[in-house]
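Novice: Quick one: the structure is below, questions incoming.
The values are calculated or read from the model by the stated rules, or taken from the named source; none is laboratory data. The shown structure was predicted, so the numbers you read here are calculated from the model rather than taken from an experiment. Positions of Cβ are generated from backbone atoms using ideal geometry, with glycine treated the same way; all protein chains shown enter the neighbour counts. The area values use the complete protein model at the heavy-atom level, side chains included, leaving out ligands, DNA and RNA. Shrake-Rupley method; radii C 1.70, N 1.55, O 1.52, S 1.80 Å.
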Amino acid sequence: MRLPLAALLACALPLTAAPAPASAAPPAVSLGSVLPAPVSVRPSGSAFRLTAGTVIAAPPAARPVADRLAAALRPATGYRLPIRAHAPAGAPVIELSPGHAGAGLGAEGYRLSVRRSGVTVRANGNAGLYAGVQTLRQLLPAAIDASTPRHVRWTVPGGDIVDHPRFAYRGAMLDEARHFHTPAEIKRYIDEISRFKINYLHLHLADDQGWRIQIDSWPRLATVGGAPGTGVDGVGGGYLTKADYRDLVRYAAERFVTIVPEIDMPGHVNAAQVAYPELTCDGVAPPPRTDTEVGYSSLCIGKEITYRFVEDVIRELAALTPGPYLHIGGDEAHATTAADYLTFERRVLPLVRKYGKTAYGWNEISRSPSASDAVAQFWGLDTSDPALAAAVAGGTKVVMSPANRAYLDMKYDPSTPLGLSWAAYIEVQDAYGWDPGTRLTDVPESAVLGVEAPLWSETLRSIDDIEFMAFPRLAAIAELGWSPTRSLPGDWESFRARLGAYGPRWAHQGVDFYRSPQIPWAD
Ligand code: NGO
């Protein structure tokens, strides 16, 4: 019989040894355990201890971030953690200090100092304070993510962190069309991704199977396209009302996440054509589709009603969306001729600009000369893309989502019960081991806005399914987007150790993550 090490040590202890206190110290958290890895970490001095007497100090401008911090720390500590404009003298304090943090930090960077007397997070504004707060949460013992009070010594290791993102765009994507995920599920995902400093959530709102957003000028899009049974295999259905969508935009903004809506066109439009047969060339409604084929539907490029429809949808979506981007898809338009595709994009790309947004599309849009002020989302498998490179030379910017590295719907390995495998099996090390800045040999890093991890929903139903595919790989993509590049092999060893230590946090949150055999998971 093999005894666990702890049992062997216990046997070796003299009988007079004091029993371990009921609230045994949790495994140590170090200043270097943060995900994504900060720019600079300097451990020093003594730890801060969060106690029942701790006060959160924040001026009125930073109050919303202080509220989020308090809401994150109260359940597991059971402490009141009052928020004050100024800390009372002598009280242990967590201070949020906005403004004049230095130009080098930008809008999202922060400095975090931990001393025995208190913790200070400084940033130029609330986005940076929020990022610093996410770091601080990870410096507390993992039980801080429990939903009920735990008896733990809530210590934060001493030292200083200076941090800011490598890329401005760090995204995740949910496919609402293949399976509708409810507003509550989307909010939970926003909570989960914003912990890793993801700052954009792209919602794929329409595809062949379903249409998931209310459009007042074309009401049947949502009522027919979002009817029960409009998911893959006839499962699910539903749509976001405008009120739901506005509420999601607000909820995301409170977590410094910007929503990017996508309506895919000119392909992937079967659901729209079921609702409005006039959007087909022959005016005949196609049958609803609940299978996972792609590339068979197309808007009718020669009909004027197509552009009325597109403009109405873009206008209404732009009015609902405070963020800068509006995604118009453009992928896999195999049922549209190459000439028609260019005609379509020549008319549609300017419509996005007309309503004040930057056009964003899958990398196929880079074939259109009108895409020079657009953002192209690279989802290819190769490490070069001449059409995209040519567009980049004309001004197009790029978000990197190579399907064989960044698609969270790819299986981890052949035994993964969910997901697809057309692009690759993507274990955690594959998701981590590439560089968004240099992945495409013909696109310079200066054209790369950032990285996004799409999660397509053909095989996913529940939030558990989403979590199992997203975590832990989303943490890998988040680190590629946020952290400075260093030597990749060394980074992997550091990353897998930090990820292993993060496991108990997901467990406390009830997140159903994949326990990859590549990672030394802590209990
Ligand atoms: C492709 C396709 C989607 C699929 C996805 C599944 C893009 C941009 N178009 O990615 O319709 O859902 O793969 O992995």
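Novice: Taking all protein chains as present, what is the carbon and sulfur share of the accessible area of the chain, in % to the nearest whole number, probe 1.4 Å? Numbers along the way, then the final one.
Specialist: Values: 11370 of 19950 Å².
The computed percentage sits at 57.
Novice: Could you calculate the contour length gain from Ala522 to Arg84, that is, 0.36 nm times the residue separation minus the distance between their Cα atoms, to one decimal place in nm?
Specialist: Answer, rounded to one decimal: 154.0 nm.
Novice: So, one more: Excluding same-chain residues fewer than 8 positions from Lys197, which lysines have a Cα within less than 23 Å of its Cα?
Specialist: Once the sequence-local lysines are set aside, what remains near Lys197 is Lys187, Lys397.
Novice: Want the number for Asp216 to Ala28: 0.36 nm per residue separation, take away the alpha-carbon distance, what's left?
Specialist: On the way: separation 188, 0.36 × 188 = 67.68 nm, distance 5.46 nm.
Taking 0.36 nm per residue and subtracting the Cα distance, the gain is 62.2 nm.
Novice: Computed over the Cα atoms of region 406-496, what is the convex hull's projected area averaged over all directions, in nm²? Could you put the intermediate results ahead of the total?
Specialist: Values: hull surface 26.2 nm².
Result: 6.5 nm².
Novice: According to the Kirkwood expression over distinct Cα-Cα pairs, how big is the hydrodynamic radius of the chain, in Å? Provide the component values of the computation, followed by the final result.
Specialist: Numbers: mean 1/r = 0.0411 Å⁻¹.
By the Kirkwood definition, the hydrodynamic radius is 24.4 Å.
Novice: Quick one: ranking Glu332, Glu176 by accessible area, 1.4 Å probe, largest first, what do you get?
Specialist: Numbers: Glu332 35, Glu176 0 Å².
Sorted by accessible area, descending: Glu332, Glu176.
Novice: Follow-up question, since we're still on this one. Can you tell me what share of the DSSP beta bridges in region 320-479 is antiparallel? A percent to the nearest 5 is fine.
Specialist: The answer is about 0 percent antiparallel.
Novice: For Asp413 paired with Ala319, estimate the spin-label separation in nm (one decimal), with each label point 7 Å from Cα along the Cα-to-Cβ line.
Specialist: My value for the distance between the label points is 5.3 nm.
Novice: Share of antiparallel DSSP beta bridges in the chain, in percent to the nearest 5?
Specialist: Values: 17 of 60 bridges.
If we restrict to bridges inside the chain, about 30 percent are antiparallel.
Novice: What are the ³J(HN,Hα) values, in whole Hz, obtained from phi via the Karplus relation 6.51 cos²θ - 1.76 cosθ + 1.60 with θ = phi - 60°, for each residue of region 197-207 in sequence order, with x given for Gly and Pro?
Specialist: Values, residue by residue: 6, 6, 10, 9, 10, 8, 10, 7, 9, 8, 7 Hz.
Novice: What share of Cα pairs, in percent, lie more than 17 angstrom apart in region 201-249?
Specialist: Details: 361 of 1176 pairs.
Everything past 17 Å amounts to 31 percent.
Novice: Compute the relative contact order of region 169-488 as a whole-number percentage, counting only Cα pairs closer than 8 Å that sit 6 or more residues apart in sequence.
Specialist: On the way: 699 pairs, mean separation 56.1, N = 320.
Relative contact order comes out at 18 percent.
Novice: Could you compute the FRET efficiency for His334 and Tyr355, with r as their C-beta to C-beta distance and R0 at 25 Å, rounded to 0.05?
Specialist: Working: r = 28 Å, r/R0 = 1.13.
Between His334 and Tyr355 the formula returns 0.35.
Novice: Let me ask you something else. For region 5-163, what is the accessible area per residue in Å², given a 1.4 Å probe and the full set of protein chains?
Specialist: Details: 7480 Å² over 159 residues.
Result: 47 Å² per residue.
Novice: Excluding residues on the same chain fewer than 8 positions from Lys303, give the lysines whose Cα lies under 24 Å from its Cα.
Specialist: Leaving aside lysines fewer than 8 places away in the same chain, those within reach of Lys303 are Lys354.
Novice: Oh, and also: Would you grab the residues whose amide H sits under 5 Å from the one on Tyr296? Only those 5+ places off in sequence or on another chain, please, with H modelled 1.01 Å from N.
Specialist: Correct list: His268.
Novice: How far is helix 126-139 tilted off the main Cα axis of the chain, in degrees rounded to 10, range 0 to 90?
Specialist: For 126-139 against the chain, the angle is about 50 degrees.
Novice: Report, to the nearest 10°, how far helix 473-482 tilts away from the longest principal axis of the Cα atoms in the chain, using its own Cα long axis and a range of 0 to 90°.
Specialist: The helix 473-482 is inclined about 90 degrees to the chain.
Novice: Once you sort the root eigenvalues of the Cα gyration tensor of region 273-416 as a ≥ b ≥ c, which label holds: rounded (a/c under 1.5), prolate (a/b larger than b/c) or oblate (the other case)? The partial results should precede the final answer.
Specialist: Numbers: a/c = 1.61, a/b = 1.16, b/c = 1.40.
Note, shape of region 273-416 comes out oblate.
Novice: Give me the accessible area per residue for region 169-488, probe 1.4 Å, as a whole number in Å².
Specialist: Values: 10140 Å² over 320 residues.
I get 32 Å² per residue for this part.
Novice: Here is a further query. Given labels modelled 7 Å from the Cα in the Cβ direction, how far is it in nm from Tyr425 to Asp312?
Specialist: 4.9
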